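In what follows, a structure is listed as structure tokens, so that the remarks can point back to it.
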Amino acid sequence: MAQKPGSFVHIELASADPARTRRFFEDVFAWKFEELPEMNYMTFEPATAPGGGLMTPMEGQPPGVLNYLLSMDIDADLRRIEAAGGRTLRPKTEIPGVGWWALFQEPTGITLALFQGRMERPSPERKEPPRRRPAAGAAARKARKARGGRRARGRGRGRAR
């Protein structure tokens, strides 16, 4: 079943001690983690979707959870959010090779993020519609599968965006 715009598609856990947080969720809930050392980030797969990421908090950010909603057009969604009384906290920002994200706050103060995946463009000789690339968690699973199921080694990621 295809995900619809506005669906929760990714969760990020910002932890002061990502290694300890990882051990906790592995031990208690049997979550599977994959380290992305080049990004100082770990992805995780809980028993059901959506998956997410684990990292140290950005400077000035307390530990916590950030939920991502699927967007087909972040710019248009941010305009609608602001027209409805919300505010943009971080404008559309590229996630290289994956897509874009933005941070917003709804009128009562709840902070959420938007995620828009990259769309592939068909070549001129092909008249097929563009296919959506997999979300961040799916990309990590695909990379792991290409390595024969082995997980990457290294530390978690502190968000450098």
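Each value in this text was obtained by applying a stated rule to the coordinates, not by laboratory testing. Because the structure is predicted, anything quoted here is derived from the model rather than measured. Glycine also receives a Cβ, built like all others from the backbone with ideal geometry; neighbour counts cover every protein chain displayed.
Over region 1-46, what number does the Rg to Rh ratio reach, with both radii from the alpha-carbon atoms and Rh per Kirkwood?
My calculation puts Rg/Rh at 1.04.
If you take the beta carbon distance between Asp75 and Ala49 as r and set R0 to 25 Å, what does 1/(1 + (r/R0)^6) give as a FRET efficiency, to the nearest 0.05?
For Asp75 and Ala49, the calculated efficiency is 0.45.
Okay, which of region 11-41 sit inside 16 Å, backbone N to the point 7 Å along the Cα-Cβ direction of Asn67?
Only 11-14 pass the distance filter.
If you take every DSSP beta bridge whose two residues both sit in region 1-129, what share of them, in percent to the nearest 5, is antiparallel?
Just about 80 percent of them are antiparallel.
Using the alpha-carbon centroid of each, what span in Å lies between region 71-113 and region 12-66?
22 Å
Can you give me the convex hull volume of the Cα atoms of region 9-90, divided per residue and expressed in Å³?
124 Å³
Simple spin-label model, 7 Å along Cα-to-Cβ: Glu38 to Glu26 in nm?
2.3 nm
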